[in-house]
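Below: one structure, written as structure tokens.
The values are calculated or read from the model by the stated rules, or taken from the named source; none is laboratory data. Bear in mind the structure is a predicted one, so any value in this text is a computation, not a measurement. All Cβ positions, glycine included, derive from the backbone under ideal geometry; neighbour counts span all protein chains shown. Just the protein is used for accessible areas: all its heavy atoms, side chains included, with ligands, DNA and RNA removed. Shrake-Rupley method; radii C 1.70, N 1.55, O 1.52, S 1.80 Å.
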Amino acid sequence: MDQFTLNLLFVGASFALYIGIAVWARAGSTSEFYAAGRGVHPVTNGMATAADWMSAASFISMAGLIAFTGYDNSSFLMGWTGGYVLLALLLAPYLRKFGKFTVSEFIGDRFYSPTARLVAVICLIVASVTYVIGQMTGVGVAFGRFLEISNTAGLLIGACVVFAYAVFGGMKGVTYTQVAQYCVLILAYTIPAVFISLQLTGTPIPALGLFSSVEASGGEGSVYLLTKLDEIVTDLGFASYTEAHKDNLNMVLFTLSLMIGTAGLPHVIMRFFTVPKVSDARWSAGWTLVFIALLYLTAPAVGAMARLNITDLMWPNGTSGEAVSVEQIETQDEYAWMLTWQKTGLLDWEDKNGDGKIQYYNDKSEAMAATAAANGWEGNELTKFNRDILVLANPEIANLPGWVIGLVAAGGLAAALSTAAGLLLAISSAVSHDLLKGQLTPNMSEKAELMSARGAMAIAIAVATYLGLNPPGFAAQTVALAFGLAAASIFPALMMGIFSKRVNNVGAVAGMLSGLIFTLIYIFLHKGWFFVAGTNSFPDTVDGSLFGIQSTAIGAIGAIINFAVAYGVSLATADTPQEIKDLVESVRVPAGAGAAVDH
Amino acid sequence: MADNTTNLKDVPQAKKAAQDEAGYWAANVRMIYWSLAIWATVSFGFGILLRPLLKGIEVGGTDLGFWFAQQGSILVFLGLIFFYAWRMNKLDKQYGVEED
């Protein structure tokens, strides 16, 4: 059986499983369908939330970004897990106690203002649309490889599948489908990692393998994997793997943006509204992080080991020997993955100096210029290596059995599709329910509401697909921008709503607007207006940026502005009414949750 | 505050009458401060800013700061959330504010 058929089999089987469970759970009880999570054990709920939350950015993109930069991209690891601490301590139990179902409802009620609710909805839509753009980038990579077509065609087909998946939609609400998706996703991520860790270090646990020893180059004894990696990448003129090369300010702000953003994303927060009890909301956040950590502790190992394998393949006799030849790439089995990935247009090479070999090195390093001139190299010949392909290509790079490759294809699609579809549902309900029905046209018929929901979904996916063709960054980087926007707008409003009785309606609106607008404009100035390439005023690098802060890290500054403006404006305007102070008091204590029955 | 807590523990049947919401909130905020201090120390501290200070401590071919940045802080985050949940569920009962 060839690889293509095998992939098809795995992807088909996993989808049959999700749909089967959806149908079974639906037949079992209808109420389960509407209130996903209610009456479900915190462990099960945690697993489902983890599947909901881990998207193309975590599964497909993150390890690739870590692989090619090393320590500097640790921000993704700390940021996307540290946010759960904020969520568990500062938001989840109180929002559960409040007892409504959406983030914008809480903001509207707490700040006793329809305007605040409207602004919250706009913030949610802006962050979610940016998030979907990142997902579509991942969807394009996954479909392109899986169907063995170009990235563009893969993206277009993927967009149609995501749209159908979201309209079919009901599946999304079923906790057990998500549990199945989590299982597929985590197996697909860890099984190849275990194989590779065994191959390289003899340790079956990749997280430990990262800090274990491997055979030294030239076969002389053994050295630590990270030591060897540092040695071979610096030999080729690349920055060392374990050292810091980014300034502390940007790294701290970027990590903080991702953390605050995680705690400000509506589709994550919503999961904690629906757990049975306040105490369960606290446990649920912990269990969610357990299941996320299984992938996140493996990811840095996947990145480092893949970088090692790739460098080894390009320089089969060590970095001091001869580079791989074009003939080897075209004929040998170990290099077959390069030919398959070349079809997607995301990987390419060119024998620039015509010596029949492909020299992979950092041609931007000045230190390498002399070496290159001495050896007759005329630039890096591995001309294109899109970082988003790394996780999907990883099992092929390590020459793992075909079924592992099929499993990874299924896992990548599960991650990308479930989150993209979930976000589309969140956007469509925000537009039709919160924005149109709740604000602009309250007398709208149910049918019109449904139509506008579908319309919003179609527009969102069209925009995301268009921008996904020319993305503002790799999947995880675009998603990081979405986190920055959520960090600057939603999180501060929620936190002040619980921890301050003084912040009032005017303050909250002013805070959210200034945080959102500041962050959005800063991102557009560096990434191009509305992410259209070429319309940016500043280069998207640390040195060229407006305040010396990268656009992906600006969300933390936006959040600080939000806090400061909201508090300042509140102090200058009328105090909050007594009933709001009482509301805040009641949200702070668990007693009386599930009030509908008790009081 | 500490006395208050002990008293309530000794007289569990009196808990409803003795609801002390202000004391409960103060205890909660104190827990949050401590937890967030640890949260920031392991990630922004050990993982980034204080990494040069940990240079001497070797972990598998690199230093402790690298380990905290890529794995250690995640493990500490997990511990923090579970500790907070356990501690708060106890506080809920001590102050008589738990769910019915």
Quick one: in the range A:231-255, of everything that is within 13 Å of chain B (Cβ to nearest Cβ) and touching a Lys or Arg at 6+ places or on another chain (Cβ under 8 Å), which residue is nearest to residue A:551 (Cα to Cα)?
A:244
Scan the range B:68-91 residue by residue and report those that are facing chain A (nearest Cβ under 7 Å) and open to solvent by 20 Å² or more (accessible area, probe 1.4 Å).
B:78, B:82, B:89
So the check is Cβ under 6 Å with 6+ separation or different chains; which pairs have a first residue in the range A:69-84 that's more than 7 Å from chain B (Cβ to nearest Cβ) and a second one that's small (Gly, Ala, Ser) and open to solvent by less than 10 Å² (accessible area, probe 1.4 Å)?
A:83/A:263
In the range A:151-199, what residues are at pLDDT 85 or above and open to solvent by 40 Å² or more (accessible area, probe 1.4 Å)?
A:152, A:156, A:157, A:160, A:183, A:187, A:191, A:194, A:195, A:198, A:199
Checking residue A:259 against (1) in contact with a strand residue (DSSP E or B) (Cβ under 9 Å, 6 or more places away or on another chain); (2) hydrophobic (A, V, I, L, M, F, W, C); (3) open to solvent by less than 20 Å² (accessible area, probe 1.4 Å), which single condition isn't satisfied?
(1)
Which of the numbered conditions does residue A:108 fail, given that it passes all the others? Conditions: (1) in the same structural domain as residue A:487 (by TED's automatic domain parsing); (2) in contact (Cβ under 8 Å) with a residue 24 or more places away in the chain.
(2)
Restricting the search to the range B:56-100, which residues are over 23 Å from residue B:29 (Cβ atoms) and assigned to a helix (DSSP H, G or I)?
B:64, B:65, B:66, B:67, B:68, B:69, B:70, B:71, B:72, B:73, B:74, B:75
Residue count for the range A:206-223, restricted to those that are buried (at least 17 other Cβ atoms within 10 Å of the Cβ) and more than 10 Å from chain B (Cβ to nearest Cβ):
2
Quick check, is residue A:531 touching a helix residue (DSSP H, G or I) at 6+ places or on another chain (Cβ under 6 Å) and open to solvent by 30 Å² or more (accessible area, probe 1.4 Å)?
no
Unique residue being within 23 Å of residue A:3 (Cβ to Cβ) and out of contact with any His (no Cβ under 7 Å at 6 or more places or on another chain) when the list is A:304, A:336, A:293, A:299:
A:336
Looking at (1) at pLDDT below 90; (2) at the interface with another protein chain (Cβ under 10 Å from one of its Cβ atoms); (3) open to solvent by 40 Å² or more (accessible area, probe 1.4 Å), which is the only condition residue A:280 fails?
(3)
Exactly one of (1) surrounded by fewer than 18 Cβ atoms within 10 Å (Cβ to Cβ); (2) free of Cβ contacts under 8 Å to residues at least 60 places away in the same chain is unmet by residue A:372. Its number?
(1)
Any residue at all in the range A:478-485 that is more than 26 Å from the chain's Cα centre (by Cα) and open to solvent by less than 10 Å² (accessible area, probe 1.4 Å)?
no
Looking at residue A:226 and the list (1) closer than 20 Å to residue B:54 by Cβ; (2) more than 11 Å from chain B (Cβ to nearest Cβ), which single condition is not satisfied?
(2)
So residue A:327 fits all but one of (1) surrounded by 14 or more Cβ atoms within 10 Å (Cβ to Cβ); (2) outside any loop (DSSP other than H, G, I, E, B); (3) without any contact (Cβ under 8 Å) to a residue 60 or more places away in the chain; what number is the exception?
(1)
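Do we find a residue being over 21 Å from residue A:80 (Cβ atoms), surrounded by fewer than 22 Cβ atoms within 10 Å (Cβ to Cβ) and touching a residue at least 12 places away in the same chain (Cβ under 8 Å) anywhere in the range A:515-524? Break it down stepwise before answering.
Start the filter on the range A:515-524 by keeping residues that are over 21 Å from residue A:80 (Cβ atoms), which leaves A:516-518, A:520-522, A:524.
The next check asks that each one be surrounded by fewer than 22 Cβ atoms within 10 Å (Cβ to Cβ); those that pass are A:517-518, A:521, A:524.
Adding the requirement that they be touching a residue at least 12 places away in the same chain (Cβ under 8 Å) leaves A:518, A:524.
Yes, there is a match, as at least one residue in the range A:515-524 is over 21 Å from residue A:80 (Cβ atoms), surrounded by fewer than 22 Cβ atoms within 10 Å (Cβ to Cβ) and touching a residue at least 12 places away in the same chain (Cβ under 8 Å).
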Quick one: is residue A:293 more than 23 Å from residue B:87 (Cβ to Cβ), at the interface with another protein chain (Cβ under 9 Å from one of its Cβ atoms) and within 17 Å of the chain's Cα centre (by Cα)?
no
Please go through the range B:41-65 and give me each residue that is within 9 Å of chain A (Cβ to nearest Cβ), within 14 Å of residue A:248 (Cα to Cα) and hydrophobic (A, V, I, L, M, F, W, C), ordered by number.
B:44, B:48, B:49
Report yes if residue A:258 is more than 9 Å from every other protein chain (Cβ to nearest Cβ) and at pLDDT 90 or above, otherwise no.
yes
I'd like to know if the range B:20-34 contains one or more residues that are at pLDDT 95 or above and within 7 Å of chain A (Cβ to nearest Cβ).
yes
For the condition open to solvent by 10 Å² or more (accessible area, probe 1.4 Å), modelled with pLDDT under 85, part of a helix (DSSP H, G or I) and more than 14 Å from every other protein chain (Cβ to nearest Cβ), what is the one hit in A:117, A:145?
A:145
Residue A:433 passes all but one of the listed conditions (1) within 24 Å of residue A:49 (Cα to Cα); (2) under 21 Å from the mean Cα position of the chain (by Cα); the exception is number (2)
The range A:569-582, residues that are away from every other protein chain (no Cβ under 14 Å) and open to solvent by 40 Å² or more (accessible area, probe 1.4 Å):
A:569, A:571, A:572, A:573, A:574, A:575, A:577, A:578, A:579
